[in-house]
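Here the structure is laid out as C-alpha cells; the discussion comes afterwards.
The values are calculated or read from the model by the stated rules, or taken from the named source; none is laboratory data. Being a predicted model, the structure only gives us computed values, none of them experimental. Quick reminder, even Gly has a Cβ in these numbers, built from the backbone with ideal geometry, and neighbours come from all protein chains shown.
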C-alpha cells in the first residue's frame, strides 16, 4: 500500500474531508438535528409551565435530554448511507486499519452533529432562563459530551447496520450506555448555574471522552466487520 | 496441552449437551434444597430486625437476585468474549442462554426492591443509585436480547450481541459509579464489609445459604437453557438424529 503514498494521516484526512464535504452538499443532514434539539427544548415550557423559576430549575436536564435525543437522531446518518452505496465495504478492503478510518468518520460526525448543538446551546439556555454566566460551562460540557455520544453511538450504529429496523434498536442499545454522559453533563451545568465550580464533573466528562475515543473505534470496526459478513 | 483437553471438548455440541445434562441433577437438587432451607431460615427462624421489623425478610430474595443479576452479566460478557476471541460458537450459546436468566433475576431484584421500599421509604420507587443502576443493567440485558433477535443468522446475531455484551461490561462500572455519585439513599452493603458482616449469625447464615441456593439455581437453569440452545442450533445435525433414534 505504501506505493500509493497514503499514510495513516492522509487516509484519515481523506475520509474526514469526504464526510464533511458530503454533509455540506446535503445541508439538511446538519440542520435537522439542531432544529430537533431546539424543538424538544420548546416542548418543556409548553408541557410544564412558562414560569421562569421552574424553567431555570429544569434547564440543565432539558438541554441534556434534548442533546441526547438529537445526537441519537443524527447517528442514523453516520454509517447507513455508506453501507448502502458500498463505501463502507471499500473502506474495509482498503488495507488501512478500519478502526482508524472509523475514528476519522466519527470525528467528522462529531464536528457535523455535535458542534452545531454546542453552538445552538446558548440560544436554548437563554430561552430556558439559564443565567448567562453558566453558558460557557454548558457549551464546554456539551462539547465533551457530544463527543462521547458520537463515539459510543458509532459502536451502536455499526452493530445495527446488519439489521432491518435499525433505528429503534439503536436507541435501545445506545441510551443505557449514554446515561453517565447525561448524569455528568447535567450535573456540570447544574453546578455552574448555581455558581459552584463544575470542574469535577467536566473532568469526568473529559475522562469518558478519552476512554471512548480510544476504545470505541476498535469496537466499531469489529462491529462493522460482523455487519458486512 | 493435556490440561486444556476438557476445554476443547466443550466446543463439541454432543459432548456439551451430554455434560450439561449430567451436571443438571447435581446442580438442581442442591439448588432446590438450599433455596428452601434459606427461605425457611430467613422467613421463619431468623429474628425480626430491630429497626425494619418483619419487612427486612425480603432480603433473602432481594440480595441473592441482585448478586446474580451482576454475576450473570459477567458470565454472559466473559462467554461472549471467549466466543469472539477464539471463535467458539458454543460460548456464544452460553451467553445467549444466560441473558434471559440474568434479565429475570434483575427484574426480580427490582420488584423485590420496590416491595421493600414501600414500608421502608414509604414509596414504591425511589430514584436511588442502586435501584437505578439495576434498572440500567436491565436495559443492557434488553439491548443484548433485542440485538440478538434482530439478526436472522444465528452466527452474526451471536457475534454482534456478544460485542455489545463486551462493550456493556466495560461500561457497567462507569454507569454504576456515575449513578452512585448522582444520588444515593440505599442502605449500605450488609454482607461485604471490611469490618465483617453487620448481621448476627441467625440472620446471616440463612442469607448465605440463599446465596448458594440461588447461584446453583442459576447454574441449573443455565444448563437447561444451554441444552435447549444446542438443540436449536444443531437441529439438523446427525448426532441428534441418532440420539432421537437411540
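Summary table below
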{"quantity": "Qualifying positions in region B:42-55 - assigned to a loop (DSSP other than H, G, I, E, B) and within 28 Å of the chain's Cα centre (by Cα)", "calculated": "B:46, B:52"}
{"quantity": "Some residue of region B:83-99 being within 12 Å of another protein chain (Cβ to nearest Cβ), modelled with pLDDT of 90 or more, surrounded by fewer than 18 Cβ atoms within 10 Å (Cβ to Cβ) and over 17 Å from the mean Cα position of the chain (by Cα)", "calculated": "yes"}
{"quantity": "Which listed residue is touching a residue at least 12 places away in the same chain (Cβ under 8 Å), within 19 Å of residue A:229 (Cβ to Cβ) and assigned to a helix (DSSP H, G or I), from B:84, B:142, B:135, B:110", "calculated": "B:84"}
{"quantity": "Failed item, numbered, when residue B:164 is tested on (1) in a helix (DSSP H, G or I); (2) more than 7 Å from chain A (Cβ to nearest Cβ); (3) within 16 Å of residue A:163 (Cα to Cα)", "calculated": "(2)"}
{"quantity": "Pick from region B:116-126, criterion surrounded by 14 or more Cβ atoms within 10 Å (Cβ to Cβ) and in a helix (DSSP H, G or I), ranking: nearest to the chain's Cα centre (by Cα)", "calculated": "B:116"}
{"quantity": "The listed residue being closer than 25 Å to residue A:76 by Cα and more than 13 Å from the chain's Cα centre (by Cα), out of A:204, A:128, A:142, A:159", "calculated": "A:159"}
{"quantity": "Test set (1) surrounded by 15 or more Cβ atoms within 10 Å (Cβ to Cβ); (2) modelled with pLDDT under 90; (3) over 19 Å from the mean Cα position of the chain (by Cα) - residue B:58 fails condition number", "calculated": "(3)"}
{"quantity": "In region B:134-151, residue surrounded by the fewest Cβ atoms within 10 Å (Cβ to Cβ) [restricted to those that are at the interface with chain A (Cβ under 9 Å from one of its Cβ atoms) and over 17 Å from the mean Cα position of the chain (by Cα)]", "calculated": "B:146"}
{"quantity": "One residue from A:149, A:173 being closer than 27 Å to residue A:223 by Cα and in contact (Cβ under 8 Å) with a residue 24 or more places away in the chain", "calculated": "A:149"}
{"quantity": "Set B:163, B:147: member being closer than 22 Å to residue A:172 by Cα and touching a residue at least 24 places away in the same chain (Cβ under 8 Å)", "calculated": "B:163"}
{"quantity": "Filter result for residue A:6 (in contact (Cβ under 8 Å) with a residue 12 or more places away in the chain and part of a helix (DSSP H, G or I))", "calculated": "no"}
{"quantity": "Those helices (runs of 4 or more DSSP H) lying entirely in region A:114-229 with at least 2 residues within 12 Å of chain B (Cβ to nearest Cβ) and crowded, with 21+ Cβ neighbours inside 10 Å", "calculated": "A:135-159, A:166-193, A:199-228"}
{"quantity": "Answer from B:38, B:102 - the residue that is free of Cβ contacts under 8 Å to residues at least 60 places away in the same chain, away from chain A (no Cβ under 14 Å) and part of a helix (DSSP H, G or I)", "calculated": "B:102"}
